């Protein structure tokens, strides 16, 4: 199983591919440690890379392949995950897509979810939410 492996949300992966932004190095450092992501996150990355980063389809394919080297075997999007996410969205008052990421992290047995979309420090069904881009006196939060 993946017990304890961190789970990465879309924004961490997007920042890793955004040159000249302060959050890029923190994202790269986190991804280099390895962990988990999901097919949903890769889909969201492809959408953002095309619309906001201006990547062409070949660049998107290369980027996704690079992510999969660091985060192999992305978690699939399954019906049971979808159903769990619907309940979580209502219970925790988060967006459906955030709930889908949380549900997938829970089902992947991850201990921590790195994202800037949720409340830093919050615990949801055993998952510790961390915003890796919060600045501390010594720099961004470390793994």
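Readers should treat all values here as calculations from the given coordinates under stated rules, not as data from a laboratory. Computed from a predicted structure; not experimentally measured. Cβ placement follows ideal geometry from the backbone for every residue including glycine, while neighbour counts extend to all protein chains displayed.
Miscellaneous remarks
- Extending 7 Å from Cα along the Cβ direction at residue 39 and again at residue 109 yields two label points whose distance is 2.1 nm.
- 91, 130, 50 arranged by Cβ crowding within 10 Å, fewest neighbours leading: 91, 50, 130
- Rg over Rh [alpha-carbon atoms, Kirkwood Rh] for the chain: 0.95
- Here the Gaussian network model covers the chain, with springs between Cα atoms less than 10 Å apart; of 24, 119, 128, 119 fluctuates the most.
- Spin-label pair residue 123/residue 18, simplified geometry with 7 Å Cα→Cβ offset, distance in nm: 3.1 nm
- Antiparallel content of DSSP bridges confined to the chain, in %, to 5: 35 percent
- Separation of the stretch 67-126 and the stretch 1-66, taken as the distance between their Cα centroids, equals 16 angstrom.
- Remark: the residue 73-residue 25 segment gains 14.9 nm on full extension, using 0.36 nm per residue and subtracting the alpha carbon distance.
- Among 28, 79, 100: highest mean-square fluctuation, GNM of the chain, C-alpha pairs under 10 Å: 79
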